[in-house]
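The values are calculated or read from the model by the stated rules, or taken from the named source; none is laboratory data. A quick note: this is a predicted structure, and the numbers were derived from the prediction, not measured. Quick reminder, even Gly has a Cβ in these numbers, built from the backbone with ideal geometry, and neighbours come from all protein chains shown. Note: areas computed on protein heavy atoms with side chains; ligands, DNA, RNA excluded. Shrake-Rupley method; radii C 1.70, N 1.55, O 1.52, S 1.80 Å.
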Amino acid sequence: MPCHSITLPLFLIGLLHSALSTSFPGSCHYALNLTNDGPATLDVPVTVTAHLECADSKAEYLYEFKDDIHRTVRVVGHEEANASFIFTDYAAIRTVQVTTYLFSHPLFLVASGKTFFSIEEYIPGAVNFSGVIETIDGHKFVRTGLDTNISVELLYPKQVLQSAEFAYSWTIGEEHFTTDHSFILHKFVNAGPQWIRVAVVGRIPSYSDSNIFRYKWGYFDAEITAKDPIFNISISGNTYLEHGQLLDLDISCNGSGPVEYCWKILPPNKNNTNLTCSDPDTARDCGFPVLYYFRDSGDYLLALHVNNLVTSLQRDIEVHIYDVSLRPELSTVLIPVVCSVLVVLIIATAVVLHMRRHANYDIETADFDFMQAEESSTISVETSWQIMRRSLLHIIHLRCLCYSSEGGAPSINYGTILVGVEK
């Protein structure tokens, strides 16, 4: 009876606490939270910690830790307890179950739970970068010319990290070097994919015998893409256009592709220094075309935004659209006028020359008188028109002249011959 004088009140306290926790909806309920410091390797301890919520500070609890190879560790405590396990058989996902009792007589079950961790053959860890850009799909990008912090994170139990010694062998591209610390600063010079490989050797003490050390190895690698930043955006094409012409520009930049870009046509007085791309296009290289037709003439602003993840750049370009004049060109008026003047001058010159040439001629009359002296006295003075008329009639008469039989020979009369003499 005396041996139960202490444990019985604790048992009653546990029953009362359990009853109260289930009777009132707003009261506290027991809950067991389990954590571990895995993953780890073989021959390295893994610590499992159990924390009991709503534990009574005046009561004691028994924590029973049992792994998947039926090893059991029992710990008496208040709201928290822990136990360590070393696995030496094989690498796998291991399980530890924890059951908590109110430490009384008899034991009163309070809560239970399980925790899982990985036991691996090689030192677990990962390569990390600082100051890099990581996309949604996990690809990492870094800017060339800048120092990048590359580190190796060993996912080992805290106890092992404090007691072990590690050495690191780095391979970055064609460079190889060794350090005794888990980080380096490296500057990427060439753009393109870069592989980082790290080998780790750990000198770990044996937790069963402090005079024995074990060596563990770890191998890590990671890929990162170095990209040249964008410093300049070049424009090729005409930005001073007639209304109706198509804006056709070739945009190029000096950074590494692929790039995301967008562009907008804005009024000239709109200040849009922070252009954002809600639905950007992608170009494989740092270059793309811009095609646009302006419905109205005037001045516009073409805002360009280019981003290759490590840098982003914006440039504004002024575009001028002017109306085409409907008035005829000077040549269409001047040429007909000149031609008309030349034709008039030619005609006037021809008329003048003709008149001058005509004025240089006189009409002289050559009078060949073959008549008898007595006949000439009977001829009266005739005008030039009468002379010309008579001469023509005489010529016609000569063509029809017949020889008379009287006297044997024909009688021929000669008229007046008109001769033009140039002065």
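Tally up the residues in the range 136-170 that are open to solvent by 40 Å² or more (accessible area, probe 1.4 Å) and not basic (Lys, Arg), please.
Within the range 136-170, the subset open to solvent by 40 Å² or more (accessible area, probe 1.4 Å) is 136-137, 139-140, 143, 145-147, 149, 153, 155, 158-159, 161-163, 165, 167, 169.
Of the ones still in play, those that are also not basic (Lys, Arg) are 136-137, 139, 145-147, 149, 153, 155, 159, 161-163, 165, 167, 169.
Number of matching residues: 16.
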Original post:
Could you list, in sequence order, the residues of the range 206-228 that are in a strand (DSSP E or B) and buried (at least 16 other Cβ atoms within 10 Å of the Cβ)?
Top reply: LYS216, GLY218, PHE220, ALA222, ILE224, THR225, ALA226, LYS227
Original post:
Does the range 297-304 contain at least one residue that is closer than 17 Å to PHE231 by Cβ and either at pLDDT 90 or above or open to solvent by less than 40 Å² (accessible area, probe 1.4 Å) (or both)?
Top reply: yes
Original post:
Within the range 93-109, which residues are at pLDDT 95 or above and open to solvent by less than 40 Å² (accessible area, probe 1.4 Å)?
Top reply: ARG94, THR95, VAL96, VAL98, THR99, THR100
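Listed here are the residues, each with its yes/no results for (1) modelled with pLDDT of 95 or more; (2) assigned to a strand (DSSP E or B); (3) open to solvent by 50 Å² or more (accessible area, probe 1.4 Å).
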{"residue": "THR22", "(1), (2), (3)": "no, no, yes"}
{"residue": "LEU32", "(1), (2), (3)": "yes, yes, no"}
{"residue": "THR35", "(1), (2), (3)": "yes, yes, yes"}
{"residue": "VAL48", "(1), (2), (3)": "yes, yes, no"}
{"residue": "ILE69", "(1), (2), (3)": "no, no, yes"}
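Can you tell me which residue is nearest to LEU309 (Cα to Cα) among those in the range 255-273 that are open to solvent by 50 Å² or more (accessible area, probe 1.4 Å), in a loop (DSSP other than H, G, I, E, B) and touching a strand residue (DSSP E or B) at 6+ places or on another chain (Cβ under 8 Å)? Full working, then the answer.
Our first condition is that a residue be open to solvent by 50 Å² or more (accessible area, probe 1.4 Å); within the range 255-273, this holds for 258, 260, 263-264, 267-271, 273.
Narrowing further to those that are in a loop (DSSP other than H, G, I, E, B): 258, 267-271, 273.
Narrowing the set further to residues that are touching a strand residue (DSSP E or B) at 6+ places or on another chain (Cβ under 8 Å) leaves 258, 267-268, 270, 273.
Values: PRO258: 9, PRO267: 29, PRO268: 29, LYS270: 27, THR273: 19 Å.
Out of the qualifying residues, it is PRO258.
I need the full set of residues from the range 282-295 which are in contact (Cβ under 8 Å) with a residue 40 or more places away in the chain and part of a loop (DSSP other than H, G, I, E, B), in order please. Spell out how you get there, then give the answer.
Residues of the range 282-295 in contact (Cβ under 8 Å) with a residue 40 or more places away in the chain: 286, 289-294.
Hits for the range 282-295 are CYS286, PHE294.
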Original post:
Within the set of pairs 6+ apart or on separate chains, which have a first residue in the range 120-133 that is within 16 Å of ILE86 (Cα to Cα) and open to solvent by 30 Å² or more (accessible area, probe 1.4 Å), a second that is among the aliphatic types (A, V, I, L, M) and part of a loop (DSSP other than H, G, I, E, B), and C-beta atoms under 8 Å apart?
Top reply: GLU120/ALA91; GLU121/LEU42; GLU121/ALA91
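For ASN269, state whether it is modelled with pLDDT under 90 and closer than 30 Å to HIS320 by Cβ.
Numbers: modelled with pLDDT under 90: yes; closer than 30 Å to HIS320 by Cβ: yes.
When the stated conditions are applied, ASN269 passes them.
Name the single residue that is farthest from the chain's Cα centre (by Cα) among those in the range 180-205 being in a loop (DSSP other than H, G, I, E, B) and not acidic (Asp, Glu). First the steps, then the outcome.
Step one: of the range 180-205, the residues in a loop (DSSP other than H, G, I, E, B) are 180-182, 188-191.
Subset that is not acidic (Asp, Glu): 181-182, 188-191.
On the way: HIS181: 40, SER182: 37, PHE188: 22, VAL189: 22, ASN190: 20, ALA191: 17 Å.
Checked the range 180-205; the qualifying residue farthest from the chain's Cα centre (by Cα) is HIS181.
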Original post:
Are there any pairs with C-beta distances below 6 angstrom linking a residue in the range 164-181 that is under 16 Å from ILE123 (Cβ atoms) to a residue that is of a type in the set (Gly, Ala, Ser), with the two at least 6 apart or on different chains, and if so which?
Top reply: ALA164/GLY202; PHE166/GLY202; SER169/ALA199; ASP180/ALA167
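Across the range 71-91, what is the total count of residues that are more than 60 Å from the chain's Cα centre (by Cα), open to solvent by less than 70 Å² (accessible area, probe 1.4 Å) and modelled with pLDDT of 95 or more?
Of all residues in the range 71-91, those more than 60 Å from the chain's Cα centre (by Cα) come to 71-78.
Narrowing the set further to residues that are open to solvent by less than 70 Å² (accessible area, probe 1.4 Å) leaves 72-73, 75, 77.
From the residues that got through so far, the ones that are modelled with pLDDT of 95 or more too are 72-73, 75.
Going through the range 71-91 one residue at a time, the tally reaches 3.
Which residue out of PHE166, PHE177 is modelled with pLDDT under 95, over 18 Å from GLY257 (Cα atoms), aromatic (Phe, Trp, Tyr) and in a strand (DSSP E or B)?
On the way: PHE166 fails: modelled with pLDDT under 95.
Answer to the selection: PHE177.
Which one of these is open to solvent by 70 Å² or more (accessible area, probe 1.4 Å), modelled with pLDDT under 85 and not in a strand (DSSP E or B): THR332, THR349?
Details: THR349 fails: modelled with pLDDT under 85.
Unique residue meeting the criteria: THR332.
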